[in-house]
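Working notes, beginning with the structure itself.
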Amino acid sequence: MVKSITKKKYIPNSKEKYMCAKHKKFFTDQLLNWKKDIIKANNLGNLLNSGDDNVSSADIVDQASSLTDKSVEMKALNRSRKLILKINSALQRLKEGTYGFCEETGEPIGLKRLMARPVATLSIEAQERHERDEKIFIDD
């Protein structure tokens with residue numbers, strides 16, 4: 001029987017100093033892995049769909065379906081591109097020492113929120129305020 005040595009995965013906790021070196025390393029690793037996964041998924045998608053471009057069908061329904069598929073793909077790629085920009089911004093904030101702090105209030109965003117959304121720039125309270133203000137603006 002072979003024993004496997006499993007290293008317990010580190011998870012930041014509130015007993016440690018907020019944004020200590022362990023926290024920064026954890027979030028840096030999370031963000032870099034997320035970015036790598038997005039790039040890998042998009043490259044695979046591009047590779048699988050690259051043969052479609054030259055196929056033209058006489059059937060108008062097939063052409064419409066193909067155009068719709070391309071539109072959905074482009075939207076997904078655009079979302080991925082924006083997410084990568086947010087990840088890069090978060091990595092830059094980690095280097096500058098501002099990661100994990102609300103852009104509006106300067107208060108800690110909180111470990112739970114950052115683990116759920118590592119690119120978060122606002123505390124929950126600031127985000128809720130922002131969404132309320134946005135809703136009021138749209139309703140006017």
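The values are calculated or read from the model by the stated rules, or taken from the named source; none is laboratory data. Owing to the predicted nature of the structure, the values given are computational and were not obtained by experimental measurement. FYI the Cβ positions are ideal-geometry reconstructions off the backbone, even for glycines, and counts take in every protein chain you see.
Observations
- Breaking point among (1) free of Cβ contacts under 8 Å to residues at least 12 places away in the same chain; (2) within 19 Å of Phe26 (Cβ to Cβ), for Gln127: (2)
- Qualifying position, being in contact with a strand residue (DSSP E or B) (Cβ under 9 Å, 6 or more places away or on another chain) and among the β-branched types (Val, Ile, Thr), among Ile109, Ile136: Ile109
- Arg129 vs. criteria farther than 24 Å from Ser14 by Cα and assigned to a helix (DSSP H, G or I): yes
- Taking every residue in region 13-28 that is over 15 Å from Phe101 (Cα atoms) and at pLDDT below 95 and pairing it with any residue that is among the β-branched types (Val, Ile, Thr) and surrounded by fewer than 13 Cβ atoms within 10 Å (Cβ to Cβ), at least 6 positions away or on another chain, yields no pair with a Cβ-Cβ distance below 6 Å.
- Taking the criterion of being surrounded by fewer than 14 Cβ atoms within 10 Å (Cβ to Cβ), part of a helix (DSSP H, G or I) and either of a type in the set (Val, Ile, Thr) or more than 12 Å from the chain's Cα centre (by Cα) (or both), the residues of region 80-120 that qualify are Gln92, Lys95, Glu96, Lys112.
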